[in-house]
Amino acid sequence: MPPEAPDYLPAPAFDCAVSGMAETFVSMIHLCLEFEERLDPDRLARAVRLLVDAEPVLGCRFEARFFKPRWRRLEAGELDRLPFIRTVLVGETGIASETADFLTETFDPGIDPPIRICLLTGPSRDRLHIKVDHQVTDAAGLKYLGYRLAEIYRALETDPAFQPEINTSPRGQDEIFRPFLPGRIPTLFKDYLQDLARVSIPSVSLTFPVEGVDGGRLVFTERHFGPERSSLIRDYASRRGATVNDLVNAVMVRALIETAPWDGKAAIKLIGTVDLRRYLPSREADAVCNRSGWYFLTLGSDPGTDPETTLDRVRSRLSALKENRIGLGLSLFSYLLMSPLPSGLRVPLMRSAAKSMIRQGSMPPILTNMGAIDPNRLDFGSARPASAFLLVPPGAAPNRAMGLSSFRNALTLSAGYPDSPMNRDRIEALFNRFESLLPG
């Protein structure tokens, strides 16, 4: 007998940690696809409903209990009635506004299941937007959901009665940490202490704050670099012995020090994310889950006199981090030290720590590389995406979060933030400078 979806799923520590970081960002991630061919809206709606059954956590509400928080699965009848997907017919002039409306729409996973999908059907193209709450998964998990939705949609074309296998794999972090325990604890503890020192010493760092807007909506700014420009970027990075991620971080540092209010003395730091699935033999997880860690890129108060020097310093710092189990020590010991506490204490402590960093002016900008989207796995049969990108979770004022993703040979940089003229002007200035500093 195939497994059935459980009534309750335990919420791993990382799910709760996302709630504890509510002071720093708005907890939603988007996968945005554009098709030149038409999607079948009825078959897509059926595929979405089957996806919610195939990945049981998608059909749950979060219960933030003091002890043992969990995801509670809704009854099948209630799931059938919920609008997981909406289809909107739009003209060429309306597709941008409908896209913005959906992308800036927020929801509470304690009230609503953590996924929503929107199909925008225009005169010449279809856009498909998949939104998940970060509390249930990270960018890698969202890409997996896109791949699984494509697989189900494709299967329904030849077999309308297709039923996908239900995924009951555990969603915790044990499989990542277990191979390193107990023998690597001393080394990983040293890595943990070094990460804490990077983010906290010196306490004041370069920031790029945005203003809060009471009752205001969110807005996204994007920069899309097509195959030709992206090839120039990759070629330049390769000639310098660097990765594209090295180059993006270095260029962002230069753009920040030129557009942010930097006094030349505050330490230059960027917070980055690392997919901890890299430490699994398959480099993938079997479940929809959060398996991202943090790292801290620090350059002191001297980024170098020119972009080339900055790139050399960034490449050196990031190479050293990668050689020393990037992100693993901080994630493991944060997990071990906080696990004995009930969630009802862990989450307030994390929020208090974030507020303290914000007050002290020590919350650096976030730049996350959300990775490549695999076009071969994003196969909807007769309809294949012409473009695809991820949108980073928006930063909660006064913090700034930016994210990079790639599809085929194209790159996309994004930022989300509270909409105001000042915020738009500052982000546009930053992204314009970033774009002008890139090769090509």
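The values are calculated or read from the model by the stated rules, or taken from the named source; none is laboratory data. Here the structure is a predicted model, which means the values were calculated and not measured. Every residue, glycine among them, receives a Cβ derived from its backbone with ideal geometry; neighbour counts consider all protein chains shown.
Structural remarks
- Selection from segment 241-293 of residues that are in contact with a strand residue (DSSP E or B) (Cβ under 9 Å, 6 or more places away or on another chain), within 30 Å of SER169 (Cβ to Cβ), touching a residue at least 12 places away in the same chain (Cβ under 8 Å) and outside any helix (DSSP H, G or I): ILE271, GLY272, THR273, VAL274, ASP275, VAL288, ARG291, SER292, GLY293
- Residue-level check: of (1) in contact (Cβ under 8 Å) with a residue 40 or more places away in the chain; (2) closer than 24 Å to SER169 by Cβ; (3) assigned to a helix (DSSP H, G or I), ALA5 misses just (3).
- Any hit, segment 121-141, residues being surrounded by fewer than 17 Cβ atoms within 10 Å (Cβ to Cβ) and assigned to a strand (DSSP E or B): no
- Residues of segment 22-37 that are more than 22 Å from ALA388 (Cβ to Cβ), in contact with a Lys or Arg (Cβ under 8 Å, 6 or more places away or on another chain) and not small (Gly, Ala, Ser): GLU23 alone.
- Tally, over segment 317-361, of residues that are at pLDDT 80 or above and within 28 Å of PRO179 (Cα to Cα): 26
- Of all residues in segment 193-223 being in contact with a Ser or Thr (Cβ under 9 Å, 6 or more places away or on another chain) and polar (S, T, N, Q), the one that is surrounded by the most Cβ atoms within 10 Å (Cβ to Cβ): SER205
- Top-ranked residue of segment 142-161 - restricted to ones that are among the aliphatic types (A, V, I, L, M) and assigned to a helix (DSSP H, G or I), ranked as farthest from SER292 (Cα to Cα): LEU156
- SER238 vs. criteria touching a strand residue (DSSP E or B) at 6+ places or on another chain (Cβ under 9 Å) and among the polar types (S, T, N, Q): no
- Criterion (in contact with a Leu (Cβ under 7 Å, 6 or more places away or on another chain), part of a loop (DSSP other than H, G, I, E, B) and outside the structural domain of ALA372 (by TED's automatic domain parsing)) met by exactly one of LEU39, LEU44: LEU39
- Residue check, PRO364 at pLDDT below 95, assigned to a loop (DSSP other than H, G, I, E, B) and either within 20 Å of the chain's Cα centre (by Cα) or not acidic (Asp, Glu) (or both): yes
- Checking each residue in segment 47-100 for being closer than 25 Å to PRO123 by Cβ, in contact with a helix residue (DSSP H, G or I) (Cβ under 6 Å, 6 or more places away or on another chain) and assigned to a helix (DSSP H, G or I) picks out only ALA47.
- Candidate set: segment 307-347, residues that are in contact (Cβ under 8 Å) with a residue 24 or more places away in the chain and touching a strand residue (DSSP E or B) at 6+ places or on another chain (Cβ under 8 Å); chosen: the one surrounded by the most Cβ atoms within 10 Å (Cβ to Cβ): SER331
- Residue pairs meeting the criteria (Cβ under 7 Å; at least 6 apart or on separate chains; first among the acidic types (Asp, Glu), in segment 41-55; second not in a helix (DSSP H, G or I)): ASP53/ALA5; ASP53/ILE166; GLU55/ASN167; GLU55/VAL288
- Summed over segment 8-22, residues that are in a loop (DSSP other than H, G, I, E, B) and modelled with pLDDT of 85 or more total 2.
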